[in-house]
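What follows is a short report on a single structure.
The values are calculated or read from the model by the stated rules, or taken from the named source; none is laboratory data. Because the structure is a prediction, the values reported are computed rather than measured. Counting neighbours? That spans all protein chains shown, and the Cβs are built from the backbone with ideal geometry, glycine included. Quick note on the areas: whole protein, heavy atoms, side chains included, nothing else; ligands and nucleic acids left out. Shrake-Rupley method; radii C 1.70, N 1.55, O 1.52, S 1.80 Å.
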Amino acid sequence: PDSTNWTTSDRLIPEKRLRRVGIRMKIAVCVKQISDPSEPQAIDLSTMRLIRGTKAILDDSDAYGVEIALRLAESAGGGEVVLISMAPNQEVQGVRTGLAMGAAGAVVVSDPRLAGADALTTAKVLAAVVKRIGADFVIAATESTDGYTGTVPAQIAALLGWPALTFAKQVELRDSVLSIQRQTEDGYDVVESPLPAVVSVTAGVVEPRYPSFKGIMSAKSKPVEQLTVDDLGLSIAIDEQVLAVSDAEVRAVGQILEDDGSAETEIMNYLARIKVL
């Protein structure tokens, strides 16, 4: 990727015009297939794991990454977007949504030995898939809506030895240099890196397209490679164990002040106690 000739006329995300000369870009997009949130959620108390529903869907947060990858590929004039996922029971329902959006294919790693895998194990599996397919760079959501660890993209980058560009709210690609606006509490920082790299994007970075009827039909025939841990040459040992699960604490009722003329003083004293003032 470092020797590729790129030209661009304006910003890539959300509006961009990118042309890649001579080489087809391959973008790997990490996607997670989660239980449909509209179905009842429960924990299996014997394993302390989530009981998966009958329907798996593409995590909403991953749709943003798929959309960015598709726009990159379209502007490159013929790039390839490959979805990579780790799921139980060779699940592909959620992946099919990304294929219907326009991704060319998918790789799903499904292996009983991965049951209960933590974030680092997930990152090891996905990094191995990235190496296997020879991706130019990786796009991922910042975090999944059912896990919220927010660590997998950076771990994938560390395992690959690639730069990690995280919390991207806008992305540009020019002359093999990736530039993002990294969202912060105070605004954003501009972070740049040569390819290959791993980019994690925030929700709302773009508006994901809706799969068309044609896309939904074509998704059924697109290739989905099913792999196991052995296919990736990995040795996996799940050391994490959930010891207990409890209900979240009920939020306590806040203090109510009746204004008898002293409410302002009470509020100022309270803010001083918690060191806001």
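In Å and from the alpha-carbon atoms only, list the Rg and Dmax of the range 138-277.
Just the Cα atoms of the range 138-277 yield Rg and Dmax of 23.9, 73 Å.
What is the distance, in nm, between label points placed 7 Å from the Cα along the Cα-to-Cβ direction at MET48 and at GLU266?
4.3
Compute the relative contact order of the range 111-160 as a whole-number percentage, counting only Cα pairs closer than 8 Å that sit 6 or more residues apart in sequence.
On the way: 29 pairs, mean separation 23.9, N = 50.
Reported as a whole number, the value is 48 percent.
When the accessible area of the range 79-125 is split by element with a 1.4 Å probe, what percent falls to carbon and sulfur?
Details: 740 of 1540 Å².
So the carbon and sulfur contribution to the accessible surface is 48 percent.
Can you tell me the relative contact order of the range 108-191? Whole percent, Cα pairs under 8 Å, sequence separation 6 or more. Don't skip to the end; give the middle numbers.
Details: 77 pairs, mean separation 16.1, N = 84.
Over the range 108-191, the number comes to 19 percent.
Is the C-alpha gyration tensor of the range 126-219 telling us rounded, prolate or oblate? Criteria: a/c under 1.5 is rounded; beyond that, a/b larger than b/c is prolate, otherwise oblate.
Details: a/c = 1.42, a/b = 1.19, b/c = 1.19.
Rounded is the answer for the range 126-219, as its axis ratio a/c remains below 1.5.
What order, most packed first, do the peptides 233-242, 89-98 have when packing is the mean number of other Cβ atoms within 10 Å of each residue?
On the way: 233-242: 10.3, 89-98: 19.8.
So the peptides 233-242, 89-98, ranked by packing, come out 89-98, 233-242.
Give me the 1.4 Å probe accessible area per residue for the chain, excluding ligands and nucleic acids, in Å². Write out the running numbers ahead of the final one.
Working: 15490 Å² over 277 residues.
Per-residue accessible area for the chain comes out at 56 Å².
On full extension of the chain, what length is gained from ASP247 through LYS131, given 0.36 nm per residue of separation minus the C-alpha to C-alpha distance? Could you put the intermediate results ahead of the total?
Details: separation 116, 0.36 × 116 = 41.76 nm, distance 4.02 nm.
Going from the current span to full extension adds 37.7 nm.
Of all accessible surface on the range 129-224 at a 1.4 Å probe, what whole percent is carbon and sulfur? Mind dumping the intermediate values first?
Details: 2660 of 4940 Å².
Carbon and sulfur atoms account for 54 percent of the accessible area of the range 129-224.
Could you work out the relative contact order of the chain? I mean the mean sequence separation of Cα pairs under 8 Å and 6+ apart, divided by the number of residues, in percent.
Values: 550 pairs, mean separation 61.3, N = 277.
Once normalised by length, the contact order is 22 percent.
Can you give the FRET efficiency to the nearest 0.05 for ILE238 and SER218, using r as the Cβ-Cβ distance and R₀ = 35 Å?
On the way: r = 37 Å, r/R0 = 1.05.
With a Förster radius of 35 Å, E is 0.45.
Among the listed pairs LYS32/LYS124; LYS26/LYS222; LYS32/LYS222; LYS131/LYS169; LYS32/LYS55; LYS55/LYS131, which have their C-alpha atoms separated by more than 20 angstrom in this model?
Working: LYS32/LYS124 15 Å; LYS26/LYS222 16 Å; LYS32/LYS222 18 Å; LYS131/LYS169 26 Å; LYS32/LYS55 13 Å; LYS55/LYS131 30 Å.
In this structure, LYS131/LYS169; LYS55/LYS131 exceed 20 Å between Cα atoms.
When DSSP beta bridges are limited to those with both residues in the chain, what percentage is antiparallel, rounded to the nearest 5?
Close to 50 percent.
Read through the labelled values (1) 1.03; (2) 1.08; (3) 1.06 and report the label of the one computed as Rg/Rh (Cα atoms, Kirkwood Rh) from the structure.
The value matching this structure is (3).
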